[in-house]
Amino acid sequence: MLKLNVILGIFFLSGGLLGQNIILDGYVYEKGNRGYLNNAEVTVYSKSGDEMKKAFTDTDGHFVLEVSENQMGSIRVFKDMFETLFVDLDPGGKNADNKLFLKVAMTRTPGYIFEITLAEKREDENIPVDAVRGALIEVYNNTKKSEVMVLKDHMDPEFRVNLMKGNHYTILIRKEGYLAKRMEAFVDVKDCILCFEGVGSVQPGVSDNLSEGNEIGVLLANVELERLFKGKKLEIENVYYDLAKWDLKPASREELDKVGTMMSDNPHLTVELGAHTDARGNDEANLLLSQRRARSCVDYLVGRGVARSRIVAKGYGEKELVNDCRDGIECSEAEHARNRRTELKITGIDDSEDMLKSLADMKKAEIARALIDEIAFGSQIKVTEGDTLEHVIEAYENEKSSGKATGAADTLADKMEEAVFEKTIPTGNMDLDTSKVLLEVKEPEIPVEETFPTVDGPKIVIMESESPLGLNHAIYDRHDNVLQFYHKNLYKYLIGDFKDKNEAESFLRTAVKMVYPDAYVLVFDNGAVRD
């Protein structure tokens, strides 16, 4: 009996220490009586700061939590686009049923709610279009380099995105049978109060907006998705050349960069890039000129990371005019200009799911490409054995954010050498003796072997072309030293100076393949290509 009494005494003592449970019954709403807030996260913390319980508000902003009265200390209320609140709990306010009623008013942070409705692109104003359901919707915060939202098979044609001030967002919408749609939103960055790219009209306009001195509000947009099919043509605007030339102008490169992004967003597409001229001039000369222009576009896109196997060049000359401005017909300059166009034609669609990369992974590749552009393969860079490009990028980004990095390749090289890496794989000194070396070797009449006296050791071939690239090509902007040579009916462009093939292959895997998917290693031995 004595033993039982001791046990009961301990039980009642522990019950007295813990106290009875109390029910927290509350509502979360926006300050100013602007409505209840659903899906707000409510977390109860003990007096010592430990997390006890968590709940989310329902569609009416309501939540209920049951916790120990003696232990509870405060609640934390969190919701995206609102200032996080901490509220101390006072059990003295409970009623006879041990309920403590709470009302939590949250303040919206500066930013916008972007509401988007998806529909098929309207081809005829008189024919209604269907809403698009079941899309993959992804949102990425470029400023914070973080994934914001992923909606798979989203069955509602509408969705909303919270846009916080001081951030740049990418929104990517993909649906089988449609061309992927990418949108960029700049919220109080780059001198933009609110700027969109890839979106038609946004309502209301910023000048009409919205409340609180244009600090908060709701924006609406209808986004149209284009259906895909073989043979579909997409015109590339603003691709300009000088008269009778095929070298790309800077504005043309900017437009082709958009094509490169489109090809990245739609990895299942293969396309033909066609160049067209107007009818003025010699037919054969126009055909040759258009073929060279198409090739210059394709070579540029391959240089920006599009696999050559996915895109072919086709010059049409004046064969496919879009109006009646033929030989002998008098037309205005504007009418002739309609025929001088560059088009993409879809030649293949492969909907294999394994081809689809997440927007977050695509952004990592874009960041890697930009950083590789910045360091330009221009110095000897060391990486830890088994390391990945992401680690190199992270190290460089940390250095850059600290204000120490200058953007030069030497900065990254110095940083990597100073790091605590005991075993390293040197990726080679990319500096050649001369800048922009051009070495053209003709095919021998009886091709037994082709020799290149000034070339020795392993090299990385980053591009191949049927015709030579001009010195204003993008690869010469990116790399201080590029060697051009002619081999097996192709002009090939190589970089690097490596001690052996393993070193070259390591650098190829670590960085180059992400920028040049078709790149490979060639080994030269005493001036001859060793297969």
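Summary table
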| quantity | calculated |
| --- | --- |
| Selection within region 35-60 - more than 16 Å from Leu102 (Cβ to Cβ), among the charged types (D, E, K, R) and touching a residue at least 12 places away in the same chain (Cβ under 8 Å) | Lys47 |
| Flag for Phe78 being open to solvent by less than 90 Å² (accessible area, probe 1.4 Å), of a type outside the set (D, E, K, R) and at pLDDT 90 or above | yes |
| Those residues of region 20-43 which are more than 38 Å from the chain's Cα centre (by Cα) and either at negative phi or assigned to a strand (DSSP E or B) (or both), in sequence order | Gln20, Asn21, Ile22, Ile23, Leu24, Asp25, Gly26, Tyr27 |
| Verdict on Gly217 being touching a helix residue (DSSP H, G or I) at 6+ places or on another chain (Cβ under 7 Å), open to solvent by less than 20 Å² (accessible area, probe 1.4 Å) and at pLDDT below 90 | no |
| Matching residues in region 243-255 - criterion: being surrounded by 14 or more Cβ atoms within 10 Å (Cβ to Cβ) and assigned to a helix (DSSP H, G or I) | Ser252, Arg253, Glu255 |
| Cβ-Cβ under 7 Å pairs, at least 6 apart or on other chains, region 502-519 side over 12 Å from Gly303 (Cβ atoms) and touching a residue at least 24 places away in the same chain (Cβ under 8 Å), far side assigned to a helix (DSSP H, G or I) and of a type outside the set (D, E, K, R) | Thr510/Leu389; Ala511/Ile372; Ala511/Leu389; Met514/Ala365; Met514/Ala368; Met514/Leu389 |
| Given (1) within 28 Å of the chain's Cα centre (by Cα); (2) modelled with pLDDT of 80 or more, index of the condition Tyr486 fails | (1) |
| Boolean, Phe63 is of a type in the set (A, V, I, L, M, F, W, C), open to solvent by 90 Å² or more (accessible area, probe 1.4 Å), modelled with pLDDT of 90 or more and under 39 Å from the mean Cα position of the chain (by Cα) | no |
| Total residues in region 465-482, condition over 13 Å from Asp299 (Cα atoms) and touching a Gly at 6+ places or on another chain (Cβ under 9 Å) | 4 |
| Contacts under 8 angstrom Cβ, first residue in region 227-241 being open to solvent by 100 Å² or more (accessible area, probe 1.4 Å), partner part of a loop (DSSP other than H, G, I, E, B), 6 or more apart | Arg227/Lys121; Arg227/Gly177; Arg227/Leu179; Glu235/Arg341; Tyr240/Lys249 |
| Residue that is basic (Lys, Arg) and within 26 Å of Met164 (Cβ to Cβ), where the choices are Lys47, Lys54 | Lys54 |
| Residue match in region 465-479 (condition: assigned to a strand (DSSP E or B), modelled with pLDDT of 80 or more and either of a type in the set (Gly, Ala, Ser) or out of contact with any Ser or Thr (no Cβ under 6 Å at 6 or more places or on another chain) (or both)) | yes |
| Matching residues, region 513-531, being modelled with pLDDT under 85, in contact with a Gly (Cβ under 9 Å, 6 or more places away or on another chain) and under 25 Å from Ala307 (Cβ atoms) | Met514, Val515, Tyr516, Pro517 |
| Strands (runs of 3 or more DSSP E) lying entirely in region 79-178 (those with 2 or more residues that are hydrophobic (A, V, I, L, M, F, W, C) and within 28 Å of Glu51 (Cβ to Cβ)) | 85-88, 99-106, 146-154 |
| Candidate set from region 282-324 (those that are among the hydrophobic types (A, V, I, L, M, F, W, C) and farther than 17 Å from Glu343 by Cβ); member that is farthest from the chain's Cα centre (by Cα) | Ala285 |
| Where Ala105 falls short, out of the listed (1) over 18 Å from Asn33 (Cα atoms); (2) open to solvent by 10 Å² or more (accessible area, probe 1.4 Å); (3) of a type in the set (Gly, Ala, Ser); (4) modelled with pLDDT of 90 or more | (1) |
| Ser201 being modelled with pLDDT of 90 or more, among the polar types (S, T, N, Q) and either touching a helix residue (DSSP H, G or I) at 6+ places or on another chain (Cβ under 7 Å) or over 23 Å from Ala307 (Cα atoms) (or both) | no |
| Per-region count, region 491-505, residues open to solvent by 50 Å² or more (accessible area, probe 1.4 Å) and in a helix (DSSP H, G or I) | 3 |
| Number of the exception - Ile113 against (1) more than 20 Å from Tyr45 (Cβ to Cβ); (2) modelled with pLDDT of 90 or more | (2) |
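The values are calculated or read from the model by the stated rules, or taken from the named source; none is laboratory data. Remember, predicted model here, so these are calculated numbers, not experimental data. Here Cβ is always computed from backbone atoms with ideal geometry, including for glycine, and neighbour counts include all displayed protein chains. We work out accessible area using only protein heavy atoms, side chains counted, and drop any ligands, DNA or RNA first. Shrake-Rupley method; radii C 1.70, N 1.55, O 1.52, S 1.80 Å.
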